[in-house]
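Novice: Following this message is one structure expressed as structure tokens.
What follows is calculated from the coordinates using simple rules that are stated; it is not laboratory data. These figures come from a predicted structure and were not determined experimentally. Note: ideal-geometry Cβ built from the backbone for every residue, glycine included; neighbour counts use all protein chains shown.
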Amino acid sequence: MSEVIFYQLGSKILERASDVPEKAKQVVYYSLAIGHHVGVIDTFHPMLACEDSLFDRLVAKLPAGEARRKFDGLKRFGEIIVDRTHTRLLGGALNSIRDALDSEERQWASRFIVALAAIEAEPAIYLMGRVKP
């Protein structure tokens, strides 16, 4: 049986030891946001895991549309990225099916919605979902 794990960006590390001048901090922040092209390493920590059967049950309850397609991409491609462009879409879809979820699914959805709120509060944060065999 495989497992679905969502990792949350924990920190970004610049590959240099020098201090960043105050005037350049906005440029550095932008560079961190655009990522690996400028020597930035992302570090992730697992924030939500479940058996793939739970994930499949939950996704099956979503109505057809973009949110379901996004979650289905995890199984289709083995990995998805969830960033600020997905927070309202996915959060709204999960909230819309809350009454149809069993307690285990509801707990997972609630924790995922909290992670989406963290992305809304700090756009540099994002999630990476992976299927672990």
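Novice: Could you compute the net charge surrounding residue 1? Neighbours are other residues with a C-beta less than 14 Å from the C-beta of residue 1; K and R count +1, D and E count -1.
Specialist: Values: positive: 57, 75, 132; negative: 3, 51, 52, 56.
Net charge in that neighbourhood comes out at -1.
Novice: Applying 1/(1 + (r/R0)^6) with R0 = 30 Å to the Cβ-Cβ distance of residue 43 and residue 64, what FRET efficiency is obtained, to the nearest 0.05? List each step's numbers first, then the result.
Specialist: On the way: r = 36 Å, r/R0 = 1.19.
Once the sixth-power term is evaluated, E becomes 0.25.
Novice: So what's the net charge close to residue 84: Lys and Arg +1, Asp and Glu -1, counting the other residues with Cβ under 12 Å from its Cβ? Walk me through the intermediate numbers first.
Specialist: Numbers: positive: 88; negative: 83, 120, 122.
Once all neighbours under 12 Å are counted, the net charge is -2.
Novice: Just round it to a whole percent: the fraction of Cα-Cα distances in the stretch 50-98 exceeding 16 Å.
Specialist: Working: 423 of 1176 pairs.
For the stretch 50-98, the fraction of Cα-Cα distances above 16 Å is 36 percent.
Novice: So, one more: I need the calculated FRET efficiency for the pair residue 100 and residue 56, taking r as the beta carbon distance and R₀ as 22 Å, to the nearest 0.05.
Specialist: About 0.90, to the nearest 0.05.
Novice: Now, a different point. Please report the relative contact order for the stretch 42-115, taking Cα pairs under 8 Å with a sequence separation of at least 6, and give it as a percent rounded to a whole number.
Specialist: Working: 32 pairs, mean separation 28.3, N = 74.
Averaging sequence separation for qualifying contacts and normalising by length gives 38 percent for the stretch 42-115.
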